[in-house]
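Derivation of every value follows stated rules applied to the coordinates shown; laboratory data play no part. These figures come from a predicted structure and were not determined experimentally. Neighbour counts run over all protein chains shown; Cβ positions are idealised from the backbone, glycine included.
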Amino acid sequence: MGIVVNHEARRRDILQKSLRLFAEQGYHAVTFQKIADRCGIARTTLYTYFRHKGDIFDYTIRLSTVELAEKYVEISSAPLSASEKITHLLEHVLRVIFRHRVLLTVILDYVLSVQRTGRSMRKPIERHTIGLKAVLRRLLKEGMAAGEIAHQPVGAATALLYGIMESAILRITISENAKFDELKAMINQTLNGLRAKT
């Protein structure tokens, strides 16, 4: 009788081991053969799951993006005030960021290495961040209309909240002592500054 392979479990195993390898050696130093060796499978077997290492990288980012998008929809439709929705949304993003520290390290390495070649990463980054910015903008408008968030330029308020998340991402990626509670407090302090004064 043949061996039964759980393909989804193997795909997850390949993703995890590839990310570790990318984090250890840098995206560009890792070859498909190195990934196959780390996973203990033949390179031809690896091709069954992914066409090239860029597929692995893109698939991992896509999984994280889909997870976040589903949560955006869930939080946006929850029976909460706009400021509570923003708080829940940013705290969830923060949790995801902490959970995917290795991925963030790989992304940072990849972005920096691509930029060193003179290519711009602006469009790919915008493609992956546009959803969060759109949800923040919509929730800020909702909060202003309800009188719970002070009237102000929505673009600037969105950029402020997004900038806080960028700061958190950088701190989590490069600092070994980043703490969830400190970053959560930073988010809450910023949101308190945006709230309408009563």
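Let me check I've understood the local charge: for LYS133, count other residues with C-beta under 13 angstrom from its C-beta, Lys and Arg +1, Asp and Glu -1. What total comes out? Could the numbers behind the result be given before it?
Numbers: positive: ARG127, ARG137, ARG138, LYS141; negative: GLU126, GLU166.
Spelling it out: positives minus negatives among the neighbours equals +2.
Mind checking which aspartates and glutamates have their Cα closer than 20 Å to the Cα of LYS34? Skip sequence neighbours fewer than 8 apart in that chain.
ASP13, GLU24, ASP55, ASP58, ASP109
Taking only pairs that are 8 or more places apart or on different chains, how many Lys pairs in the range 97-198 have Cα atoms under 27 angstrom apart?
9
Please work out the FRET efficiency for the pair ALA29 and ARG171, using the Cβ-Cβ distance as r and a Förster radius of 22 Å; give the result to the nearest 0.05. It would help to have the intermediate numbers written out before the result.
Values: r = 26 Å, r/R0 = 1.16.
The value I calculate is 0.30.
Output ³J(HN,Hα) for the range 73-86: one whole-Hz value per residue in order, computed from phi by the Karplus curve 6.51 cos²θ - 1.76 cosθ + 1.60 with θ = phi - 60°, and x for Gly and Pro.
Whole-Hz 3J(HN,Hα) from phi for the range 73-86: 5, 4, 5, 4, 9, 6, x, 10, 5, 4, 5, 5, 4, 4.
Roughly what would the spin-label model give for LYS197 and SER77, points 7 Å off Cα along C-beta, in nm?
So the two model labels end up 3.9 nm from each other.
Please find the FRET efficiency linking PHE180 to ASP55, where r is the Cβ-Cβ separation and R0 is fixed at 30 Å, and quote it to the nearest 0.05. Kindly include the intermediate steps, with their values, before the conclusion.
On the way: r = 32 Å, r/R0 = 1.05.
The pair PHE180/ASP55 has a calculated efficiency of 0.45.
Dividing the alpha-carbon Rg of the range 16-131 by 2.2 N^0.38 Å yields what?
Working: Rg = 16.8 Å, N = 116, 2.2 N^0.38 = 13.4 Å.
Working it through for the range 16-131, the quotient is 1.26.
Find the percent of Cα-Cα distances in the range 54-194 that exceed 22 Å, and round it to a whole number. Write out the running numbers ahead of the final one.
Numbers: 4016 of 9870 pairs.
That fraction is 41 percent.
Can you list which of the trypsin sites (Lys or Arg not before Pro) found in the range 25-130 are DSSP loop residues with at most 16 other C-beta atoms within 10 Å? Intermediate results must be reported in sequence, preceding the final value.
On the way: sites: LYS34, ARG38, ARG43, ARG51, LYS53, ARG62, LYS71, LYS85, ARG95, ARG99, ARG101, ARG116, ARG119, ARG122, ARG127; in loops: ARG51, ARG119.
Here the sparse-neighbourhood loop sites are ARG51, ARG119.
Hey, can you grab everything whose amide H is under 5 Å from the amide H of ILE149? Only 5+ residues off in sequence or another chain; H modelled, so Pro and N-termini drop out.
Here the answer is MET144, ALA196, since their amide H atoms fall under 5 Å of that of ILE149.
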